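Asker: Here it is, the structure in full.
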């Protein structure tokens, strides 16, 4: 039986080395993952999170786990584990780390755990054995062969802004409905997030109109530096087309416009997430040219 204990200051350099090695391995499996790693910044952050980080000690360290406990849209707390938040030499090491950490997370009011995992069977299986299920996929595309497919004559795409908030909220309600969410229960938090996003000067908000009426939109913004993502990466989100305007090439032309704009602003890569249950979205993004790199798994804390 391994000793699961809180991280000590003298462990930090070794854990940073494990994370760096893991990122290099994942980048070897998928070159759309960035292997570059700022060890000093990571060690500084880990030092401040010692009490919330556990290590597996078998005479030498064979794993670690850290999850940030955050409040979600449902007012319930959840735990978020990033690509650098966990390492383990064997599934049994992960199991013991998770059992100890999840007990602490539950005591802090967390109800669920999310983790980003490399999209390979060998990486996913240890988490599935713990009861995790796939909820989202993460796609990445290199912006080296941009396209610009035209909209039909009756449509036009334009850049929007804070003055288009009512349009953004209406289309976002439809997106939540299409994805099977609770529109009313989530509206307040979605509205707050959307206002913050559209008012951000770094955000580009695109609207497709038909005779002056909005029928589609999407948001693009540059990602801040983060582990596993390449520098100069744009993130796409909130892509939605009204149902009676689908299958007319609107989504493709809209994404072309957003990515061409992002590329002109200096982006070299683009990232997007889609729900695993949304078969049409997955097919669209993969057909467009995105490659799945990570999947987000979820488990309930009972």
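The values are calculated or read from the model by the stated rules, or taken from the named source; none is laboratory data. The structure displayed is predicted, hence computed values, not measured ones. We place every Cβ from the backbone using ideal geometry, glycine too, and count neighbours over all the protein chains shown.
Asker: Could you tell me whether any residue of segment 141-148 is under 20 Å from residue 280 (Cα atoms) and part of a strand (DSSP E or B)?
Answerer: The first filter runs over segment 141-148 and keeps only residues under 20 Å from residue 280 (Cα atoms), leaving 141.
Still in the list and also part of a strand (DSSP E or B): 141.
For segment 141-148, residues under 20 Å from residue 280 (Cα atoms) and part of a strand (DSSP E or B): present.
Asker: Please state which one of 215, 219, 183, 157 is in contact with a helix residue (DSSP H, G or I) (Cβ under 9 Å, 6 or more places away or on another chain) and surrounded by fewer than 16 Cβ atoms within 10 Å (Cβ to Cβ). Give the steps one after another, and end with the answer.
Answerer: Values: 215 fails: surrounded by fewer than 16 Cβ atoms within 10 Å (Cβ to Cβ); 219 fails: surrounded by fewer than 16 Cβ atoms within 10 Å (Cβ to Cβ); 157 fails: surrounded by fewer than 16 Cβ atoms within 10 Å (Cβ to Cβ).
Only one candidate passes the filter, namely 183.
Asker: Hey, does segment 104-112 have a residue that's outside the structural domain of residue 46 (by TED's automatic domain parsing), surrounded by fewer than 13 Cβ atoms within 10 Å (Cβ to Cβ) and part of a helix (DSSP H, G or I)?
Answerer: Step one: of segment 104-112, the residues outside the structural domain of residue 46 (by TED's automatic domain parsing) are none.
No: zero hits.
Asker: Can you confirm whether residue 124 is part of a loop (DSSP other than H, G, I, E, B), closer than 27 Å to residue 271 by Cβ and in contact with a strand residue (DSSP E or B) (Cβ under 7 Å, 6 or more places away or on another chain)?
Answerer: Details: part of a loop (DSSP other than H, G, I, E, B): no; closer than 27 Å to residue 271 by Cβ: yes; in contact with a strand residue (DSSP E or B) (Cβ under 7 Å, 6 or more places away or on another chain): yes.
No; evaluated as a whole, the condition is false for this residue.
Asker: Considering only strands (runs of 3 or more DSSP E) fully contained in segment 1-98, which possess at least 3 residues that are farther than 23 Å from residue 297 by Cβ and over 24 Å from the mean Cα position of the chain (by Cα)? So that I can check it myself, show each step before the final result.
Answerer: Details: elements: 3-6, 53-57, 61-66, 68-71, 77-81, 86-88.
Correct list: 3-6.
Yes or no, residue by residue, for (1) under 30 Å from residue 86 (Cα atoms); (2) in contact with a strand residue (DSSP E or B) (Cβ under 8 Å, 6 or more places away or on another chain):
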site: 177; (1), (2): no, no
site: 202; (1), (2): no, yes
site: 223; (1), (2): yes, yes
site: 240; (1), (2): no, yes
site: 250; (1), (2): no, yes
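Asker: Consider segment 183-229. How many of its residues are more than 18 Å from the chain's Cα centre (by Cα), in contact (Cβ under 8 Å) with a residue 24 or more places away in the chain and under 30 Å from residue 38 (Cα atoms)?
Answerer: 1
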